[in-house]
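Student: I have a structure I would like to understand better, so I am pasting it below and will then ask my questions one at a time.
The numbers here are math on the coordinates, done by the rules we state, and not lab data. For clarity, every value in this text was computed on a predicted model and none was experimentally measured. So basically every Cβ, Gly included, is an ideal-geometry build from the backbone, and we count neighbours across all protein chains shown.
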Amino acid sequence: MLRRVRSTKGPADADAFAAEALGLLEPLFATALRLTRNRADAEDLVQDTYVKAFRFTDRFERGTNLKAWLYTILHNTWRNRRRDASRDTVEVDSERVEQAATLPDGPAALDNPEHILLRATLDADLQAALDELPDAFREAVWLRDVEEFSYAEIAGMLGVPIGTVMSRISRGRRLLFERLSAGAGPRVEVAGRR
C-alpha cells in the first residue's frame, strides 16, 4: 500500500524551488540536445528530469547547488535510457534509407534540428571537431567549457572520479585542438609545444 508522505516544506518553499528549477530550463535543454542529438528526445529527457526533480524535491538539500542536482538527474536519466535502448531491437525504415540515398548529397542532406541549431551558433570547424569527439570526451568538455561546471560537479553528475573528469577534459580539448589545427592548414604552434 502506498502512503503519501507529507513534505515538511511549505507551499512557499515549493514555489521557490519550482521557480529556481524552471529558471534552468534552457541550459538543461541545451545539454539534453547535445546528449541526445535529437530535439524530440531532448524535450522528453528534460521533461523526465523535471518530473523526477519535482517528485523528489524532499531529497534536495537546501543550500546546495540546484543546477548540479538537476544536471545529475538529467545525466542519470540519459544514461539509463541509453542502457535500455541498447537492449531494444533496431527497426529500419528501408523506404527512408532508399530516399536518403537518392538525394544529391546523400544521407547528409537530412539534417536534424540539433545540427541546424549548432551550425547557426558555432563555427562550422568547431562543430565538426566537437561532433567527432568520443561521447565521454565531448560530454566532459561541453559541461566544463560551455555549461561552466566545476570539475567536482561534473564528477558528481557523471559518477566518475574527479581525476577522470580532468583527464577527459584535457584529452577532449587536445583532440579538439588537433582537429581544428589540422583543418587550418599549417600547424599552429602553442607556446611551449612543438
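Student: What does the extension gain come out to for residue 25 and residue 39, with contour length at 0.36 nm per residue minus their alpha carbon separation?
Tutor: The span from residue 25 to residue 39 would gain 3.6 nm if fully extended.
Student: Can you tell me the length gained on complete extension of the stretch residue 145 to residue 180, counting 0.36 nm per residue apart and subtracting the Cα distance?
Tutor: Full-extension gain reported as 11.0 nm.
Student: Work out how much length residue 16 to residue 68 would gain on full extension: take 0.36 nm times their residue separation and subtract the Cα-Cα distance, in nm to one decimal.
Tutor: 17.0 nm
Student: Please compute the modelled spin-label separation between residue 58 and residue 160, points set 7 Å along Cα→Cβ, answer in nm with one decimal.
Tutor: Computed distance between label sites residue 160 and residue 58 equals 3.5 nm.
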